[in-house]
2 protein chains.
Amino acid sequence: MNKKAILFKGNGTDASDMRYASGFAAPDDFLFLMHENRRICLVSPLEYDRARVSVLPGVEVRRSTASAVEAVKELCAELGLASLTVPGAFPLGLAEKLRGAGLEVVPAEERLFPEREFKTAEEIVKITASLRAAEAGCRRAIEILRESDIAKDRTLVWQGQPLTSEILRAEVDCTMLKLGMIPTGTICAGGLQAAQPHNQGSGVIPADFPVVLDIFPKSRTTGYWGDLTRTVVRGLPSDFMRRAYDAVLEAREFAKSCIRPGAIPSEIHKCAANILEKHGFPTGHDEHGDHGFFHGLGHGVGLDIHEFPRLSPKASTPLRPGIVVTDEPGLYYPDKGGIRLEDMVWISPEGKTVTLTEIEDEFVL
Amino acid sequence: MNKKAILFKGNGTDASDMRYASGFAAPDDFLFLMHENRRICLVSPLEYDRARVSVLPGVEVRRSTASAVEAVKELCAELGLASLTVPGAFPLGLAEKLRGAGLEVVPAEERLFPEREFKTAEEIVKITASLRAAEAGCRRAIEILRESDIAKDRTLVWQGQPLTSEILRAEVDCTMLKLGMIPTGTICAGGLQAAQPHNQGSGVIPADFPVVLDIFPKSRTTGYWGDLTRTVVRGLPSDFMRRAYDAVLEAREFAKSCIRPGAIPSEIHKCAANILEKHGFPTGHDEHGDHGFFHGLGHGVGLDIHEFPRLSPKASTPLRPGIVVTDEPGLYYPDKGGIRLEDMVWISPEGKTVTLTEIEDEFVL
């Protein structure tokens, strides 16, 4: 059987499969076709020179000013192709036009590069470099929170000004920018905002409430991500939050000890949830919204910030050597705030579990 | 005729139509359906609380943990829908699954919100705020270049260290971060790198060659972009580059005077190209690659950095009041470097052409 050709359209910045297989990333969309041993990038004249020096060995780069439909039609005619496999996220509009031109276009049911889940030593180096930058950003945030004074109204003051999430985030992001990272959605969320796992934080940061610092930069040069979360408090946290912190830390460490070859992700997730419940922190939903631990325990990290494998309640495929996952249990209470603690863990080719994260854990500053 | 329902899937951060119509942006994908007077967001529990406070008035927010296929099937059953219009970029894989479930899924041939091209006063304020941040970043870059010394080997030295594109870009981006912007692809390209319009720049910056500073931040809170390019040189530019700078500046200003209601974009582009050619800078292609002015003159800016209208050689729809476009001619020579000068221009509701950009033009520092 002739292997079908695979066609991609995207911009390599977001479409990490294209970057993985071509070596090229661009701000604008380009086309990439794989057929037998050939890999061909079709790029605009604007990208041509950069593409030629960026692509992996063996990848052909062609300049194209035609529309995507015309460019693909010509390429298929040249290579004698009548059928194209495309990613599930391939744009429907272009697919229909290619079909209208007589080509078969079939969305892939499965991932096109399942091997991305298993990292090479070189990829581990790149991921770790981004994680180190996240740690530098986190240390900067902790330094600022530690330096902050507590005003009479129990809000934080830094260098004579109210300390806001915006100021704290800009300091974290600048630290990472200077290390060659692209900061995308750094979370510095205090007070009740920390109860919403995706809230990036805004406004003046109160004392006495945990501040969630979730920091995930992408390297400008390699495209690989790091991911890290610490939760700290300036002032006096409630007993409830102290107990929640201890429970989350124990859940993270116990889950980490379960991450090994052959382990079932859903069971690791359940182990973490059970520890939180055992400490008196069940997960549920009431008139205030969700509370407890209502997200997955972790996810793979590489050229995507969220990739395979997932450590979620539904993931049943046993873990294998080579994966890099986050281990990030959390507890969230709309009327009290939130805690999340996240390390990155690698299963080495020899099957050893390695914590990639180096920054220490601390809570009360 | 009943208007068909429109379905979106995307993450509001990249999929700006979703942000425009729902008011919500999230790092993860969500579903958004418009039908008659109803607008419904289906989001994960992680996004639910944020979505409720972010959406535009009248938009319903629902929590959903079902797969996208199941969620859409349920919603269509509830609303009695059998046919969905989707954007051209809608993922093919999901479209096929919905079709398999008996729904008609039709990609839109045209833009779904052509009115995005015509900005409200509120949008002009948001765009201008992002442009001001870009100007602050640009001023920082110019300040650093001006402060730089020229070493014996004609490279730049700042604060005792070689000045690299990476350092310069980090300083520009930090300036903008502190103003609430997300810097994405800031270009600080000197030497021969400036001859590649999308080259972000890397390594030590040489004196005597123009440095292209193309700065386009997105506001973290509003999602609107600003876009600005200046080209400066520290040291002594060649006569060729001095003449190229003057030609690009004249082309930009003349093109600006042509941007008015009723003008044809392709003709404005040609006017700019003609001025460059008249000054002795034709566009062409040889064994070194492209040279001259080989990109479009400009593009609309709003919730996308590149949107309608396009000021390109192919764009034939007359301009109308309300648009915001960039006016950015450039000249690029693989063996000499590059020049690009970019202002943002608005046609007010009264049909008056307004330059939104305030930063002055200067070349030799």
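The values are calculated or read from the model by the stated rules, or taken from the named source; none is laboratory data. Remember, it's a predicted structure, so these values are computed and weren't measured experimentally. Heads up, the Cβs are rebuilt from the backbone with ideal geometry, glycines too, and the neighbour counts pull from every protein chain shown.
Structural remarks
- Every residue from the stretch A:184-217 that is within 26 Å of A:A129 (Cβ to Cβ) and surrounded by fewer than 23 Cβ atoms within 10 Å (Cβ to Cβ): A:T184, A:G185, A:H198, A:Q200
- Among the residues of the stretch A:41-54, those identified as within 14 Å of chain B (Cβ to nearest Cβ) and of a type in the set (A, V, I, L, M) are A:V43, A:L46, A:A51, A:V53.
- Scope the stretch B:228-255; condition of a type in the set (S, T, Y) and part of a loop (DSSP other than H, G, I, E, B); matching residues: B:S238
- Identity of the residue in the stretch B:14-54, of a type in the set (V, I, T) and within 24 Å of A:L192 (Cβ to Cβ), that ends up surrounded by the fewest Cβ atoms within 10 Å (Cβ to Cβ): B:V53
- Count of the stretch A:121-161 residues, restricted to those that are touching a strand residue (DSSP E or B) at 6+ places or on another chain (Cβ under 7 Å), of a type outside the set (A, V, I, L, M) and within 24 Å of A:E362 (Cβ to Cβ), is 9.
- Within the set B:M181, B:M176, the sole residue that is hydrophobic (A, V, I, L, M, F, W, C), buried (at least 17 other Cβ atoms within 10 Å of the Cβ) and either more than 21 Å from B:E342 (Cα to Cα) or in contact with a Gly (Cβ under 7 Å, 6 or more places away or on another chain) (or both) turns out to be B:M176.
- For B:R140, the test of being within 14 Å of chain A (Cβ to nearest Cβ) and either surrounded by fewer than 19 Cβ atoms within 10 Å (Cβ to Cβ) or under 30 Å from A:C174 (Cβ atoms) (or both) is passed.
- Some residue of the stretch B:36-48 being touching an Asp or Glu at 6+ places or on another chain (Cβ under 9 Å) and polar (S, T, N, Q): yes
- Candidate set: the stretch B:256-275, residues that are in a helix (DSSP H, G or I) and of a type in the set (V, I, T); chosen: the one surrounded by the fewest Cβ atoms within 10 Å (Cβ to Cβ): B:I275
- Matching residues in the stretch A:55-72 - criterion: being part of a strand (DSSP E or B), more than 14 Å from chain B (Cβ to nearest Cβ) and either of a type in the set (A, V, I, L, M) or surrounded by 20 or more Cβ atoms within 10 Å (Cβ to Cβ) (or both): A:V59
- When residues in the stretch B:276-294 are screened for being of a type outside the set (V, I, T), surrounded by 12 or more Cβ atoms within 10 Å (Cβ to Cβ) and part of a loop (DSSP other than H, G, I, E, B), 5 of them pass.
- Odd one out for A:P321 among (1) at pLDDT 95 or above; (2) away from chain B (no Cβ under 14 Å); (3) more than 30 Å from A:L112 (Cβ to Cβ); (4) touching a strand residue (DSSP E or B) at 6+ places or on another chain (Cβ under 9 Å): (3)
- When the stretch A:73-132 is limited to residues that are out of contact with any Leu (no Cβ under 8 Å at 6 or more places or on another chain) and within 11 Å of chain B (Cβ to nearest Cβ), the one that is nearest to A:E350 (Cα to Cα) turns out to be A:E110.
- A Cβ distance below 8 Å, combined with a sequence gap of six or more or placement on separate chains, defines the contacts here; from the stretch B:141-168, residues that are on the phi > 0 side of the Ramachandran plot reach residues that are of a type outside the set (D, E, K, R) in the pairs B:R154/B:P206; B:R154/B:A207; B:R154/B:G235.
- As for the stretch B:147-162, it holds no residue that is out of contact with any Pro (no Cβ under 8 Å at 6 or more places or on another chain) and within 22 Å of A:D49 (Cβ to Cβ).
- Meets criteria (in the same structural domain as A:V325 (by TED's automatic domain parsing), within 27 Å of A:F293 (Cα to Cα) and of a type in the set (A, V, I, L, M, F, W, C)) for A:V204: yes
- If only residues of the stretch A:9-40 that are within 14 Å of chain B (Cβ to nearest Cβ) and assigned to a strand (DSSP E or B) are counted, the one that is modelled with the highest pLDDT is A:F30.
- Of all residues in the stretch A:171-188 being more than 9 Å from every other protein chain (Cβ to nearest Cβ) and touching an Asp or Glu at 6+ places or on another chain (Cβ under 8 Å), the one that is farthest from A:A244 (Cα to Cα): A:T186
- Yes/no for B:P313 being touching a helix residue (DSSP H, G or I) at 6+ places or on another chain (Cβ under 8 Å) and either over 28 Å from B:M241 (Cβ atoms) or free of Cβ contacts under 8 Å to residues at least 24 places away in the same chain (or both): no
- Looking across the stretch B:208-238, the residues that are closer than 21 Å to B:L156 by Cβ and not aliphatic (A, V, I, L, M) come down to B:D208, B:F209, B:P210, B:D214, B:T229, B:R230, B:T231, B:R234, B:G235, B:P237, B:S238.
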